[in-house]
Amino acid sequence: MEFSFLNELPKLVWMLIGIVVFLGVIGLMLVLLDAPRSKRDRWQAVFFLGPAVLLLLGGLVYPVIRTTVLSFYDRSGDTFVGLANYLWMFQRPEILQVLLNTLLWVLFAPVLATAVGLLYAVLIDRSRFESLAKSLVFMPMAISFVGASIIWRFVYAYRPADQEQYGLLNQIVVWFGGEPQLWLLNQPLNTFLLILVLIWVQAGFAMVVMSAAIKAIPTETVEAARIDGAGPWQLFSRITLPSVWPTLLVVLITISVQTLKVFDIVRTMTGGNYGTSVIANEMYSQAFSQGQLGQGSALAVFLFVLVIPLVVLQIRRNRKARELA
């Protein structure tokens with residue numbers, strides 16, 4: 001297709017506006033959050049931030065602006081359709097199912113992964129086999145999401161009842177006299193089985209961070225509580241949990257951001273079929289498998305908007321922690 005400057009002018013204008021806005025936001029953040037005190041500090045800030053800003057412009061800002069522009073165009077990217085792609089997201093039952101699945105992921109995966117990590121950290125803290133236990137729990141973090149998905153596909157694998165089962169879950173069911181199930185085809189159970197994979201991977205991360213926070217609790221505080229007659233539950237609820245609460249929120253936010261972007265697990269285990277698709281997977285399917293650039297871009301922008309509040313919250317918490325330090 002021959003390039004026409006006049007045809008591309010609206011897109012170029014939008015890109016220029018986006019770059020100016022982005023630079024303005026960066027400048028405002030520098031002034032309000034970490035404003036240098038002297039002229040020399042300002043030049044140092046420019047020197048160190050300059051390369052990063054250039055990389056952000058090329059690797060993040062331009063793609064974001066380009067994707068946002070495409071979200072207002074049709075599948076070919078030539079005809080302006082306004083908000084039609086965004087209205088499509090909330091009018092199609094299959095896309096509403098995708099949004100519901102994403103909501104389930106965000107509600108359950110971060111909370112359960114953080115809770116399991118905290119439970120591990122409390123139980124194995126200062127235990128005899130602490131190092132070994134931490135290594136075993138953290139080991140899934142060394143596996144990619146694709147690798148973890150393949151492992152769990154074997155766990156959920158199905159064979160007819162008259163054949164020997166090699167899927168762990170179905171073998172357990174058969175041992176107890178049940179019938180093997182097509183776990184990844186049963187809605188909505190299959191979505192929760194996929195969520196379990198993310199919990200398995202992220203629990204190790206939560207455990208390591210929470211364990212470090214628990215070890216930072218002064219020993220004198222714990223001993224004083226025990227002398228006052230505090231039991232295990234009172235120690236946890238009145239000493240441990242309040243002390244590690246800021247760290248727990250950081251872990252929860254971090255896993256939430258990871259959950260919103262989840263793609264590998266769904267793509268590897270079900271391909272988004274059987275009612276398991278999430279926003280990131282549907283974005284890929286619409287844009288690259290079905291050639292719907294406008295609709296895929298609208299899903300990408302919607303996902304970006306969902307992530308922004310969590311990132312802002314994390315930045316604010318980091319800033320407050322730095323001020324208190």
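The values are calculated or read from the model by the stated rules, or taken from the named source; none is laboratory data. As the structure is a prediction and not an experimental result, all values here were calculated from the model. Quick reminder, even Gly has a Cβ in these numbers, built from the backbone with ideal geometry, and neighbours come from all protein chains shown. For the accessible areas, the whole protein counts, side chains as well, though only heavy atoms, and no ligand, DNA or RNA atoms are used. Shrake-Rupley method; radii C 1.70, N 1.55, O 1.52, S 1.80 Å.
Quick notes
- Verdict on V61 being surrounded by 16 or more Cβ atoms within 10 Å (Cβ to Cβ), at pLDDT below 85 and not small (G, A, S): yes
- Some residue of segment 162-179 being open to solvent by 80 Å² or more (accessible area, probe 1.4 Å), within 29 Å of N281 (Cβ to Cβ) and either in a loop (DSSP other than H, G, I, E, B) or of a type in the set (D, E) (or both): yes
- Within the option set A321, A225, A280, being within 24 Å of the chain's Cα centre (by Cα) and open to solvent by less than 30 Å² (accessible area, probe 1.4 Å) holds for one residue only, A280.
- Any hit, segment 125-145, residues being assigned to a loop (DSSP other than H, G, I, E, B) and either closer than 20 Å to Y284 by Cα or under 18 Å from the mean Cα position of the chain (by Cα) (or both): yes
- Flag if A206 is small (G, A, S) and touching a Leu at 6+ places or on another chain (Cβ under 9 Å): yes
- Whichever residue in segment 64-77 is under 13 Å from F304 (Cα atoms) and touching a residue at least 60 places away in the same chain (Cβ under 8 Å) and, among such residues, is least open to solvent (accessible area, probe 1.4 Å): S71
- Test: residue in segment 236-252 that is among the hydrophobic types (A, V, I, L, M, F, W, C), touching a residue at least 40 places away in the same chain (Cβ under 8 Å) and open to solvent by 60 Å² or more (accessible area, probe 1.4 Å): no
- Taken together, the residues in segment 90-134 that are over 18 Å from L193 (Cβ atoms) and surrounded by 12 or more Cβ atoms within 10 Å (Cβ to Cβ) amount to 17.
- Of the residues Q181, Q187, Q163, Q171, the single one that is modelled with pLDDT under 90 and more than 24 Å from the chain's Cα centre (by Cα) is Q163.
- Taking the numbered list (1) without any contact (Cβ under 8 Å) to a residue 60 or more places away in the chain; (2) closer than 25 Å to W152 by Cβ in turn, P218 passes all entries but (2).
- Entry remark, segment 153-185: residues being farther than 28 Å from F138 by Cβ, free of Cβ contacts under 8 Å to residues at least 40 places away in the same chain and of a type outside the set (V, I, T) number 17 in total.
- Filtering segment 288-310 to residues that are part of a helix (DSSP H, G or I), polar (S, T, N, Q) and at pLDDT below 90 leaves only S289.
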